[in-house]
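Trainee: Have a look at this one.
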Amino acid sequence: MVRAGAVGTHLPTSSLDIFGDLRKMNKRQLYYQVLNFAMIVSSALMIWKGLIVLTGSESPIVVVLSGSMEPAFHRGDLLFLTNFREDPIRAGEIVVFKVEGRDIPIVHRVIKVHEKDNGDIKFLTKGDNNEVDDRGLYKEGQNWLEKKDVVGRARGFLPYVGMVTIIMNDYPKFKYALVAVMGAYVLLKRES
Amino acid sequence: MNTLLSRANSLFAFTLSVMAALTLGCILTTAFKDRSAPVRLHVSRILLKKVEDFTGPRKKSDLGFITFHISADLEKTFDWNVKQLFLYLSAEYSTKSNAVNQVVLWDKILLRGENPKLNLKDVKSKYFFFDDGHGLKGNRNVTLTLSWQVIPIAGILPLVTGSGRVSVPFPDSYEIATTF
């Protein structure tokens, strides 16, 4: 490992002198920092894409955005999904589905299933905290969901962890600030 | 270097790791537990009608009315990583047109701290028992089961079916009366 910067004497730097480390770096160290940053970004992407392959779901981790499944799931809770093709959809399961004309997927429970001999399936959903089933949420005239509408089935649950996402969605400025600070930290802080 | 920022950073990181480890321990200690429990179901009343359902213009379907008793002791299902049980009574059957039909008739949210011993008499179904056509008339293979989903504080979301099941023999003729 090249540690060119470590040779010099320690100049008294204040804690907020964020460019201090950067000034001490040579070219090689700088490339290393940038590559390191690229590594972090690409590993995160790889993990996400890998999870998509392993779980069969186009979005293996989702954040609960509404209170329609309370008291089981609250806003900001995290759900882990799988969507294996051979897994049948059955009543009582919690599915995440997309409805035409709505961008945000919905997390609700299956309350009715009709499956034909050839495997064609239609089902109806309802939120635990809602009084009525979801027919009012579906596209106009649509009475049933089908397998193609399903993004995933809920398999695991972690409370509160998705709160960061919710805050970032509600306050976009916070999101940019966070990304900027983290990016700056990784790029400017010298690897020891 | 012992700057304020680095101290705060390492404190935060340490807190996060400790919490992650504790949560993982919580998940692992309860993930492989058997959450089943014996259930006793009894059907006290069966009624069959043919009425317009909500799915299409003037489309009539079979509508069943079932009244039932439920008794179950779910005390053992609760432990330190159970926030809630979502109980649901479902009817499962097959018809000529559909190989598998499942209709949830009734459900109940049982929170931690509530009485886990159920003893309910003459419960009416909460949701309409509409068939997808006319498959309920004379159908002898309708089975009721009580199942539950364990909602943990953190962890997996298993679906468990109670051991007791009861079959519902539907009559061969429709009830004419229009009262529900």
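Trainee: Which whole-number value in Å² is the accessible area per residue of the protein assembly as shown, probe 1.4 Å?
Mentor: 58
Trainee: Oh, and also: Across the protein assembly as shown, how large is the tail of the calculated P(r) beyond 28 Å, expressed as a percent of all Cα pairs? List each step's numbers first, then the result.
Mentor: Values: 38822 of 69006 pairs.
That fraction is 56 percent.
Trainee: Only Cα pairs under 8 Å and at least 6 apart count here; give the relative contact order of chain A as a rounded whole percent.
Mentor: Reported as a whole number, the value is 24 percent.
Trainee: From the Cα gyration tensor of the range A:32-76, with a ≥ b ≥ c the square roots of its eigenvalues, which class applies: rounded if a/c is under 1.5, or else prolate if a/b is larger than b/c, or else oblate?
Mentor: The shape class here is oblate.
Trainee: Would you work out the relative contact order for the range B:34-168, in percent, from Cα pairs under 8 angstrom that are 6 or more residues apart?
Mentor: Working: 318 pairs, mean separation 43.0, N = 135.
Contact order relative to length: 32 percent.
Trainee: Convert 4 °C to kelvin, take the viscosity as 1.567 mPa s, use the Kirkwood radius over C-alpha pairs of the range B:78-180 as Rh, and evaluate the Stokes-Einstein diffusion coefficient in µm²/s, rounded to a whole number.
Mentor: Once the numbers are plugged in, D ends up at 83 µm²/s.
Trainee: Could you work out what % of the accessible surface of chain A is carbon and sulfur, using a 1.4 angstrom probe and leaving DNA, RNA and ligands out of the count?
Mentor: 62
Trainee: Let me know the mean shielding of A:137-148 by other chains, meaning the per-residue number of their Cβ atoms within 10 Å of its Cβ.
Mentor: That average works out to 1.
Trainee: Which aspartates and glutamates have a Cα lying under 19 Å from the Cα of A:K175, excluding residues fewer than 8 positions away in the same chain?
Mentor: Here the aspartates and glutamates satisfying the reach criterion relative to A:K175 are A:D77.
Trainee: Here is a further query. Expressed as a fraction of 2.2 N^0.38 Å, the rule-of-thumb size for a compact globular protein of N residues, what is the C-alpha radius of gyration of the range B:1-127?
Mentor: 1.73
Trainee: Here is a follow-up. Scan chain A and hand back the longest stretch that contains none of the GluC sites (Glu not before Pro) lying in DSSP loops with at most 15 other Cβ atoms within 10 Å.
Mentor: Result, exposed sites excluded: A:1-57.
Trainee: Can you give me the Cα centroid spacing of the range A:146-182 and the range A:44-68 in angstrom?
Mentor: The range A:146-182 and the range A:44-68 have Cα centres spaced 10 Å from each other.
Trainee: As a test of the formula, what do you get for chain B when each DSSP H run with n ≥ 4 contributes -39,500 (n - 2.57) and the sum is divided by the residue count, at 222 nm and rounded to the nearest 500 deg cm²/dmol?
Mentor: Here the helix-only value at 222 nm equals -5500 deg cm²/dmol.
Trainee: What's log10 of I(q)/I(0) for the range A:46-106 at q = 0.21, 0.23, 0.26 Å⁻¹, Debye sum over Cα points only, no solvent?
Mentor: Treating every Cα as an identical point scatterer, log10 I(q)/I(0) equals -0.99, -1.13, -1.24.
Trainee: Right, something else. Average the reciprocal distances over every distinct pair of alpha-carbons in chain A, invert the result, and give the Kirkwood radius in Å.
Mentor: Taking every pair of different Cα atoms in chain A, averaging 1/r and inverting gives 20.2 Å.
Trainee: For the range B:64-118, which trypsin sites (Lys or Arg not before Pro) are in a loop by DSSP, counting at most 16 other Cβ atoms within 10 Å?
Mentor: B:K96, B:R112
Trainee: In square angstrom and rounded to 100, what buried accessible area do you get between chains B and A, total over both, with the probe at 1.4 Å?
Mentor: 2700
Trainee: From the gyration tensor of the Cα coordinates in the range A:71-133, what semi-axes in whole Å does the equivalent ellipsoid have, largest first, with each one equal to sqrt(5λ)?
Mentor: Ellipsoid semi-axes (Å, largest first): 21, 14, 13.
Trainee: Which of A:K116/B:K137; A:K98/A:K147; A:K147/B:K126; A:K112/B:K49; B:K96/B:K137; A:K147/B:K108 have a Cα-Cα distance over 21 Å?
Mentor: In this structure, A:K147/B:K126; A:K147/B:K108 exceed 21 Å between Cα atoms.
Trainee: Another question about this same structure. Report Rg(Cα)/(2.2 N^0.38 Å) for the range B:26-67, keeping two decimals.
Mentor: Working: Rg = 20.1 Å, N = 42, 2.2 N^0.38 = 9.1 Å.
Rounded to two decimals, the normalised Rg is 2.21.
The values are calculated or read from the model by the stated rules, or taken from the named source; none is laboratory data. As the structure is a computational prediction, the values presented were derived from the model and not from experiment. No Cβ is skipped: glycine too gets one built from the backbone with ideal geometry, and neighbour counts run over all protein chains shown. Please note that ligands, DNA and RNA were not included when accessible areas were found on the heavy atoms of the full protein model with its side chains. Shrake-Rupley method; radii C 1.70, N 1.55, O 1.52, S 1.80 Å.
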